[in-house]
Structures are given as structure tokens and as C-alpha cells.
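Participant: Can you read through this structure? Questions will come right after.
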């Protein structure tokens, strides 16, 4: 999928709602402090990177991705206050504890060596890592994930909530927490209105998993 096509999805009614919900959940788990620094690993077109920079809570934001076309597009769409660079998630070009916070939104789903990538994220983090993952125990999986996936989900690895909770086993002694959202992926008003109830009734069935690990 071309970067322009991928990024355009966030401008659709459905994409805008889902993107905003995912971002709010990530921020609530990170609880960033004024002046902290943040690295977005596998930033793609920079949608979430831009959101963090626009909020102006953190002092500086850097986005990295292995896809040069994505990085070029992200740079063209962003202001000069955000730095983007091409980098392998399994070999991040930063010193130990270079950032207060690290996020990675659905990028790990496409990285075969996920443990190596997680080790790198923890290495460059001072305080906390938050991952966004795709939930195999969700309606979205049966819509988009079966048979190797379709569209932007092709080739993705879908985790369960239990798998997500144990991703950091042996890698950190800090607290790990896990939440899911977007039980129904429609952007219709009635769906948005009952989403909060669905999260309470079906706490492990949201399409989007956010897992947080303290360093």
C-alpha cells in the first residue's frame, strides 16, 4: 500500500474515530510528563508521531521506520519540530536510555524478530514502552485477518491479550498492563455511543490491544 493511501485512511470517518481512540488510550497509559522525550518505532506515515508532537506535552519526538517511502512521506507531512529517520527496529541507532518513552503502534505485528525489537525498545527507554497490537480474539480478525489477512493487514501477526501481556516476560521487571478497545470497528454514531459499555462487557475483545511495560 502506498504511503498516501495508508495515511488517507485516517481522514475517513472510520479512520479518524479509530485513530483518535487508539491515541487517547496510548496517551492515558503513557501519562507523559512535560519535557519528556519520545521515540515512535515503526512510525509509518507519522500519524501518531504527529499527534504526540501536536499535543506539545513531550519536549521532542522522533519517528523511525524501515520503509524509506514511509519516512519520506512522514517528513513531507510534518512540521520541522519532528525528526524522522530510516532505521531497523531490531537495531535502533540510539544510545542506551536515549528516550523517556517509546511507543510502537501495530508495527510489531509485522516484525518477525519481535523479541529483538522489544529488547531494543527497552534498551533505549528510560521509563516506559507502550505497544499497539492487533487482537486475534476480535471481530476485526475474522473480518480482515483470516487466511493471512487482506489489505493493510496482509501478513500481520495477531496477538491475543494473554500473549500481549507476556511479551515482556524476562525482558523487564517493571509493571506490565494491558487494555483493549474498538470492539466494533464501525464509525456509526450508535456504535461510538456504546463502545464504552462494550469495553466493560467484553474487556478482552477489542480489535486494538495496548500493552504497557515500565522499565
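What follows is calculated from the coordinates using simple rules that are stated; it is not laboratory data. Not measured: the values here are computed from a predicted model. Ideal geometry is used to build each Cβ from the backbone, glycine not excepted, and the neighbour counts take in all protein chains shown.
Participant: What shape does region 67-175 have by the C-alpha gyration tensor, where a ≥ b ≥ c are the square roots of the eigenvalues, rounded means a/c under 1.5, and otherwise prolate means a/b greater than b/c and oblate the rest?
Facilitator: In terms of gyration-tensor shape, oblate.
Participant: Along the Cα-to-Cβ line of residue 76, 7 Å from the Cα, sits a label point; which residues in region 23-65 have backbone N less than 13 Å from it?
Facilitator: From region 23-65, the list is 45.
Participant: Per residue, what volume in Å³ does the Cα convex hull of region 150-215 take up?
Facilitator: Spread over its residues, the Cα hull of region 150-215 gives 108 Å³ apiece.
Participant: Tell me, in nm to one decimal, what length is gained between residue 115 and residue 69 on full extension, where the rule is 0.36 nm per residue of separation less the Cα-Cα distance?
Facilitator: 14.0 nm
Participant: Shifting gears a bit: Considering the chain as a Gaussian network with a 10 Å cut-off on Cα pairs, which listed residue, 172, 49, 125, attains the greatest mean-square fluctuation?
Facilitator: Fluctuation is largest for 172.
Participant: Can I ask one more? What percent do you get for the relative contact order of region 118-208 when only Cα pairs under 8 Å and 6+ apart count?
Facilitator: Relative contact order of region 118-208: 34 percent.
Participant: Taking only Cα atoms and a 10 Å spring cutoff, compute GNM fluctuations for the chain and point out the largest among 92, 167, 146.
Facilitator: Comparing 92, 167, 146 in the GNM, the peak value goes to 146.
Participant: Just grab the label-to-label distance for residue 31 and residue 54, each label 7 Å out from Cα along the Cβ direction, in nm (one decimal).
Facilitator: 2.6 nm
Participant: Quick one: of the DSSP bridges fully inside the chain, what percent are antiparallel, nearest 5?
Facilitator: 40 percent
Participant: A further question follows. Quick check on the chain: helices-only [θ] at 222 nm, where DSSP H runs of length 4 and up contribute -39,500 (n - 2.57) each and the sum goes over total residues. Nearest 500, please.
Facilitator: About -9500 deg cm²/dmol.
Participant: Please list the three semi-axes, largest first and in whole Å, of the ellipsoid equivalent to the chain, using sqrt of 5 times the eigenvalues of its alpha carbon gyration tensor.
Facilitator: Its equivalent ellipsoid spans semi-axes of 25, 20, 17 Å.
Participant: Quick one: grab the alpha carbon gyration tensor of region 52-110, order the square roots of its eigenvalues as a ≥ b ≥ c, and give me rounded if a/c is under 1.5, else prolate or oblate depending on whether a/b is larger than b/c.
Facilitator: Judged from the Cα gyration tensor, region 52-110 comes out oblate (a/c at least 1.5, b/c at or above a/b).
Participant: Pairs of alpha-carbon atoms within less than 8 angstrom and 6+ residues apart define the contacts here; what relative contact order does the chain have, in percent?
Facilitator: 19 percent
Participant: Now a separate question. Please express the Cα-Cα pair-distance distribution P(r) of region 93-154 as a list of whole percents, one per 10 Å bin, running from 0 to the bin with the greatest distance.
Facilitator: Histogram of Cα-Cα distances, whole percents per bin: 20, 42, 23, 14, 0.
Participant: Rounded to the nearest Å, what's the spacing between the alpha carbon centres of region 30-80 and region 109-136? Just the number, please.
Facilitator: So the separation of the two Cα centres works out to 16 Å.
Participant: Which of 107, 56, 164 moves most in a GNM of the chain, Cα contacts under 10 Å?
Facilitator: In this elastic network of the chain, the residue with the biggest mean-square fluctuation among 107, 56, 164 is 56.
Participant: Hey, another quick one. For region 46-94, what's the relative contact order in percent, using C-alpha pairs closer than 8 Å and at least 6 residues apart?
Facilitator: So the answer I get is 39 percent.
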